[in-house]
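S.K.: Take this structure, written in structure tokens, and hold onto it; I'll ask about it next.
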């Protein structure tokens, strides 16, 4: 599989000249701010979860969506982390992030703690 990076200027959610794909870019759900599906499906909570900005080099929780309640999976809104995590572990995006981050992968317990401090 080709690396899932985009050439992008440094800006929101990026710390280098090449950034990694966020979940909404990979899944093409259209629920990011100003996305084409926001009116129909609502704004994705991962796209606006600022406490996880820059985790795994993503924008907001765009590369940690599995810890955010209310994200979509197969077109359906998911519940809390505890309710959805087993499904998220099987997700192609989650698995891609795990591979790309390798030993730098931030585990869910750390991400949840970071969100709680917000």
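Any read-out appearing in this document is the output of simple, stated calculations on the displayed coordinates, not a laboratory observation. Fair warning: this is a prediction, and the values are worked out from it, not measured in the lab. Every residue, glycine as well, gets a Cβ built from its backbone with ideal geometry; the counts of neighbours run over all protein chains shown.
S.K.: Between residue 116 and residue 41, what is the spin-label point distance in nm, taking each point 7 Å from the Cα along the Cα→C-beta axis?
M.R.: Label at residue 116, label at residue 41, 3.0 nm between them.
S.K.: How would you rank 98, 63, 19, going from fewest to most other Cβ atoms within 10 Å of each one's own Cβ?
M.R.: On the way: 98 12, 63 28, 19 24.
Ordered by Cβ neighbours within 10 Å, fewest first: 98, 19, 63.
S.K.: Binning every alpha carbon pair distance of the stretch 5-117 at 5 Å from zero, what are the percents per bin?
M.R.: 2, 12, 23, 27, 21, 11, 3, 0
S.K.: I'd like the FRET efficiency for residue 80 and residue 50, computed as 1/(1 + (r/R0)^6) with the beta carbon distance as r and R0 of 22 Å, rounded to 0.05.
M.R.: Numbers: r = 19 Å, r/R0 = 0.88.
Working from the Cβ atoms, E equals 0.70.
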